[in-house]
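Every read-out reported here was derived from the displayed coordinates using simple, explicitly stated rules and does not represent laboratory data. Keep in mind that this is a model prediction, so the values were computed, not measured. Cβ placement follows ideal geometry from the backbone for every residue including glycine, while neighbour counts extend to all protein chains displayed.
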């Protein structure tokens, strides 16, 4: 319904939506191509292996804020597709992913000059050294990193 009736939708919060499927997300982004802000944090049914995050990146080039908080399936190919397709990105939250590396984050930071906030808290492949290195290369970006010992 949103995809067919709200084509000008620019912001949508689906935080903790427990029944959003990859098909539903595909329909949403196909119809709501004006989206600038999307919160998909804590949506446990979305899985990167379906290609849903890459399709999201390809479908909404105006995207400025994206929250993929606590989706442990977000991976390098998702981040690289955001880098390739979403140059206006300002804020990305991938807290808790285990599959994103420093290499893809560097590509994202190079491709998205408007990025001001990147949350990589609890991302197991991103340690303090990586954060320090990226912060020195991209001083205009606040890179948030929280972790447990």
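Just to verify a number: FRET efficiency for residue 98 and residue 30, C-beta to C-beta distance, R0 = 22 Å, to 0.05?
0.15
Can you tell me what percent of all Cα-Cα pairs in region 45-100 are more than 14 Å apart?
Value for region 45-100 (Cα pairs over 14 Å): 48 percent.
Relative contact order of region 11-144, please, whole-number percent, based on alpha carbon pairs below 8 angstrom and at least 6 residues apart.
After rounding, I find 19 percent.
At a 10 angstrom cut-off on C-beta neighbours, averaged per residue, how do the peptides 13-19, 100-106 rank from highest to lowest?
100-106, 13-19
For the pair residue 5 and residue 77, what calculated FRET efficiency results from E = 1/(1 + (r/R0)^6), where r is the Cβ-Cβ distance and R0 = 22 Å, to the nearest 0.05?
0.10
I'd like the FRET efficiency for residue 142 and residue 55, computed as 1/(1 + (r/R0)^6) with the beta carbon distance as r and R0 of 35 Å, rounded to 0.05.
0.80
Return the Cα extents of region 70-149 along principal axes one, two and three, sorted largest first, each rounded to a whole Å.
Largest first, region 70-149 extends 34, 26, 18 Å along its Cα principal axes.
By counting other Cβ atoms within 10 Å of each Cβ, how are 67, 53, 147 ranked from fewest to most?
Going from least to most buried by this count: 147, 67, 53.
Between residue 47 and residue 116, how many nm apart are label points set 7 Å from Cα along the C-beta direction?
Between residue 47 and residue 116, the simple spin-label model gives 3.7 nm.
Within 10 Å of each residue's Cβ, count the other Cβ atoms and sort 27, 81 from fewest upward.
Ordered from fewest to most neighbouring Cβ atoms within 10 Å, 27, 81 come out as 27, 81.
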